[in-house]
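Here is the structure we will look at, set down as structure tokens.
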Amino acid sequence: MKKMFQSIAVPVIAVVIALVISALVILAIGKNPIEAYGSLIHGAFGNQQAIIDTLIKSTPLILTGLAVGFGFRAGVFNIGAEGQMGIGALAAATFASNFGGLPPAIAIPLTMLIGMVAGAGWAAIAGFLKAKTGAHEVVTTIMLNSITTYIASFMVTGPLATGYGSPKSPEISTSAQLPILMRVGAMELSSGIVIAILAAVFMYVFLNKTTSGYEIKAVGFNPYAAEYGGISVSKNVILAMAISGALAGLAGVTELMGVHHRFLGELAGGKGFDGISIALIGQNNPIGIIFAAILIGALRTGSNEMQFMGVSKYIVMITQAIVIFLVAADRIVRAIYARKKVEA
Amino acid sequence: MIVLLAILSVFINPEFYKIALTVATPLMFASLGGVFSETTGVVNIALEGIILMGSFTSVVFTYLTGNVWFGVLMAVVSGIILALLHAWGSIKWSGNQIVLGTAITLLAQGLTGFLMEPIFGQPGQTDFVGKIDEITIPGLVEIPFIGQVLGEISPFVYIAFGCVAFGWWLIYKTKLGLRMRAVGENPEAADTLGINVYAIRYFGVIMSGVFASLAGAYLSVGEIGQFKELMSGGRGFIGLAAMIVGNWNPVGAMLASLFFGFFGAFSNQLQSLQEIQVAANVKSLFDTIPFILTIVVVAGVVGRSRGPAADGVPYEKHD
């Protein structure tokens, strides 16, 4: 019970401290932080449309958060969710405009599968290199992110190019688009949110109830002990990266099938990197990650309204950076918490 | 055949070597920063963010004061501040160094984006604010070929080589350098001998901030005279790759940076060859070359190159 309290307390206190520091930054540029946060909350939850928008923005974030969190549990830092998300969406967009002849019951899972396999394969490159040569996954996945950007720009200005104006791929077949759950005004909440929650359930069951999950956790906890206990470290590192990449690919594909319906020049737009903060705030726990993703989704949605007040939406990035810093050096938070307790 | 000759012609063009040096310069600074930090045992992937902050800060202060070198000085100050933050989280609080580095990079991206409008009144990029002129060394410029490469070049290129020489001397020829290496290899033993492990580590990380911020200043006021959002473009990470390839040695990291510089220049020059007629979109595939190369090289050498034994491991004194 005490442990559970602490694992919730650290991220919550970290978020509070980050919001206070960000308020000081807003104050420093001569704006009123209370008004700014007020408009942020209003923008994220003020009416039904805002809430739907927040949920739409949270959907891919749940999945990238799960991708990074799964990696952390396995002892790998997948900083490449951005690229895996992009490559998953790109691969699915390449095929899914020709799925008109297929019924949705086949087209939807098939499109999802293509995106997940592409994301898994992309991440597995980094997993393979780490396992076989020791190349650090942070360097290799960052490089793969850059490579993805150029491949995407090649594809949307070349083989996939369609129409005029900004580069984009053709629209995917209607049968490959995700059914809409709810429609409020111009906002359409797709069933992607259900897929994201199912993915969280999958991660929980896989890590806690299967042998494979146990092995991956063991490698993440202590690779030397795992190897000594007869668990192959290299096999599990590759598998962990592949599953993490599949989750990121799924994030890309739900954006494709549920929101944009086509691949635009860039798709991830920082959502892969957001996955890092989300995994850390959620303490790599699938349920924690869902809440953390909704928090970051709300900050992203609300910051658009805050921008009208002259407070740049980049303040959200600053807040996120402080949260990541405090969760990584969680002893700072524990020290502050301990001092508070002594004073009380 | 014509294509092959055209490709070969790239190598006899002095412009190619000049571009290679300018591509290598920020990587030399960044990789040297990585060497300083990791020699003492602290992994610093915040280099990417420190470079970005350095680019921004130098443009801000050049814009405010009109003095480009003052801009560079303030870039170094900004680099030291971010490095101190990384050192504080890593050394004092034993935080996960890779995650802390990510946080600081994100902080730099957020701060630079946030401050664009209040300072310059526009998002995305600034106007031209001023640039450090290329220097001409009399005599050198008259030598054929070499004169065309080094005759008129940014002073940062010379500063980078100077820093590498200084770094090598400091780490391998001084008492302080010996202490840095001892702390990175075996902090417990170093502590027993009376070396202040924490102070040495702070020093290593702060120096990494100094060098990385110079890389940033070079990219903005040293090269184009303006700031563009996310203009560090992964150079911090490529610099870390160069550090690994160079076996955590300042001279090795410099050679690896030059190697990356040559490939960067090669892909750059290849795209401008008229003999290779490709559609505009295919050229973006050429841009992937440096990144693919980084992966291949890192994967190829990691087994053989070895970092400091206590690299990335927080040190906690037991008393």
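The values are calculated or read from the model by the stated rules, or taken from the named source; none is laboratory data. Note that the structure is a prediction, hence the values are computed from the model and not measured. We place every Cβ from the backbone using ideal geometry, glycine too, and count neighbours over all the protein chains shown.
A few comments on the model shown:
- Residue check for A:Ala135: over 14 Å from A:Gly83 (Cβ atoms) and facing chain B (nearest Cβ under 7 Å): yes
- Against the conditions (1) of a type outside the set (Gly, Ala, Ser); (2) within 14 Å of chain B (Cβ to nearest Cβ); (3) surrounded by fewer than 18 Cβ atoms within 10 Å (Cβ to Cβ); (4) touching a Leu at 6+ places or on another chain (Cβ under 9 Å), A:Pro159 satisfies every one except (4).
- Condition check for A:Ser190: of a type outside the set (Val, Ile, Thr) and either farther than 30 Å from B:Ile289 by Cβ or at pLDDT 95 or above (or both): yes
- Test: residue in the range B:117-136 that is within 21 Å of B:Ser232 (Cβ to Cβ), surrounded by 15 or more Cβ atoms within 10 Å (Cβ to Cβ), within 24 Å of the chain's Cα centre (by Cα) and at the interface with another protein chain (Cβ under 10 Å from one of its Cβ atoms): no
- So A:Val117, is it over 18 Å from A:Gly258 (Cβ atoms), surrounded by fewer than 24 Cβ atoms within 10 Å (Cβ to Cβ) and away from chain B (no Cβ under 14 Å): yes
- Residue under evaluation B:Pro155, criteria (1) more than 18 Å from the chain's Cα centre (by Cα); (2) surrounded by fewer than 21 Cβ atoms within 10 Å (Cβ to Cβ); (3) within 23 Å of B:Phe56 (Cβ to Cβ); (4) more than 12 Å from chain A (Cβ to nearest Cβ), criterion not met: (1)
- Restricting attention to the range A:291-344, the residues being within 13 Å of chain B (Cβ to nearest Cβ) and hydroxyl-bearing (Ser, Thr, Tyr) number 4.
- Considering only residues in the range A:162-186 that are exposed (fewer than 14 other Cβ atoms within 10 Å of the Cβ) and under 15 Å from A:Phe95 (Cα atoms), the one that is farthest from the other protein chains (Cβ to nearest Cβ) turns out to be A:Thr174.
- Filtered residue count, the range A:78-115, keeping only those that are in contact with a helix residue (DSSP H, G or I) (Cβ under 6 Å, 6 or more places away or on another chain) and of a type in the set (Ser, Thr, Tyr): 1
- The number of residues in the range B:18-41 being out of contact with any Leu (no Cβ under 9 Å at 6 or more places or on another chain) and aromatic (Phe, Trp, Tyr) comes to 0.
- Check on A:Ser153, touching a residue at least 40 places away in the same chain (Cβ under 8 Å) and touching a Phe, Trp or Tyr at 6+ places or on another chain (Cβ under 6 Å): no
- Qualifying positions in the range A:281-307 - among the aliphatic types (A, V, I, L, M), within 28 Å of B:Pro123 (Cβ to Cβ) and surrounded by 24 or more Cβ atoms within 10 Å (Cβ to Cβ): A:Ile281, A:Ala292, A:Ala293, A:Ile296, A:Leu299, A:Met306
- Just one of the listed residues (B:Ile195, B:Ile206, B:Ile238, B:Ile224) is β-branched (Val, Ile, Thr) and under 13 Å from the mean Cα position of the chain (by Cα), namely B:Ile238.
- Looking across the range B:137-152, the residues that are surrounded by fewer than 16 Cβ atoms within 10 Å (Cβ to Cβ) and not polar (S, T, N, Q) come down to B:Ile137, B:Pro138, B:Gly139, B:Leu140, B:Val141, B:Glu142, B:Ile143, B:Pro144, B:Phe145, B:Ile146, B:Glu152.
- Residue check for B:Phe29: surrounded by fewer than 21 Cβ atoms within 10 Å (Cβ to Cβ) and more than 24 Å from A:Val323 (Cα to Cα): no
- Any hit, the range A:206-222, residues being in a helix (DSSP H, G or I) and within 14 Å of chain B (Cβ to nearest Cβ): yes
- Enumerated helices (runs of 4 or more DSSP H) restricted to the range B:174-261, each holding at least 2 residues that are within 14 Å of another protein chain (Cβ to nearest Cβ): B:235-245
Residue by residue, here is whether (1) within 14 Å of another protein chain (Cβ to nearest Cβ); (2) polar (S, T, N, Q); (3) touching a residue at least 60 places away in the same chain (Cβ under 8 Å) holds:
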{"position": "B:Gly54", "(1), (2), (3)": "no, no, yes"}
{"position": "B:Ser58", "(1), (2), (3)": "no, yes, yes"}
{"position": "B:Ile80", "(1), (2), (3)": "no, no, yes"}
{"position": "B:Gly89", "(1), (2), (3)": "yes, no, no"}
{"position": "B:Ser94", "(1), (2), (3)": "yes, yes, yes"}
{"position": "B:Ile98", "(1), (2), (3)": "yes, no, yes"}
{"position": "B:Gly110", "(1), (2), (3)": "yes, no, no"}
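- Apart from one condition, A:Met143 fits all of (1) of a type in the set (A, V, I, L, M, F, W, C); (2) in contact (Cβ under 8 Å) with a residue 24 or more places away in the chain; (3) part of a helix (DSSP H, G or I); the exception is (2).
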